[in-house]
1. Would you be able to say whether some residue in segment 57-75 is over 10 Å from the mean Cα position of the chain (by Cα), polar (S, T, N, Q) and within 17 Å of ARG103 (Cα to Cα)?
2. Report the residue count in segment 28-42 for those that are under 24 Å from GLN88 (Cβ atoms) and out of contact with any helix residue (DSSP H, G or I) (no Cβ under 7 Å at 6 or more places or on another chain).
Amino acid sequence: MDVYHEILPDRYVLLLTESPVSANGTAADTLARCLLQAWRSGKTSVWVDCSRLHHLPANARDLLLRYQKRLGRRSVKLVLSKPNAEVQHAFADVAPDARPEIRTTEAQPE
């Protein structure tokens, strides 16, 4: 999994993509760094674009859940944008108020 990030006027965006060579530890470290940058950005929402991701590794899921709590304490919304059914299923066992918001359609400005 590769992680790209972009700072927009109204949100911080992370784009998750499949990686030809998957180094699980490296991907988790990159995602952790990007989430920390998003947390520090002062934006009111962090959007994680999953449109190019086929599978969400368990360590990435756990990291997103930890940041859901952390961002929520600052009233910052964590949104998963355009996840496929498999990525959505990774959060099926998590209570709705404890998981990121899921948007299956195009992101709308806040």
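1. Of the residues in segment 57-75, the ones over 10 Å from the mean Cα position of the chain (by Cα) are 57-59, 62, 66, 69-75.
Within this subset, residues satisfying the condition of being polar (S, T, N, Q) are 59, 75.
Keeping just the survivors that are within 17 Å of ARG103 (Cα to Cα) gives none.
No, there is no match, as no residue in segment 57-75 is over 10 Å from the mean Cα position of the chain (by Cα), polar (S, T, N, Q) and within 17 Å of ARG103 (Cα to Cα).
2. Keep residues of segment 28-42 that are under 24 Å from GLN88 (Cβ atoms), which gives 28, 30-32, 34-35, 38-39.
Filter once more, so that each one left must be out of contact with any helix residue (DSSP H, G or I) (no Cβ under 7 Å at 6 or more places or on another chain): 30, 34, 38.
Of the residues in segment 28-42, 3 are under 24 Å from GLN88 (Cβ atoms) and out of contact with any helix residue (DSSP H, G or I) (no Cβ under 7 Å at 6 or more places or on another chain).
Computed from the coordinates by the stated procedures, all read-outs in this text should not be read as laboratory data. The structure presented is a predicted model; accordingly, all values stated were derived computationally and were not measured. Cβ atoms come from the backbone with ideal geometry, glycine included; neighbour counts cover every protein chain shown.
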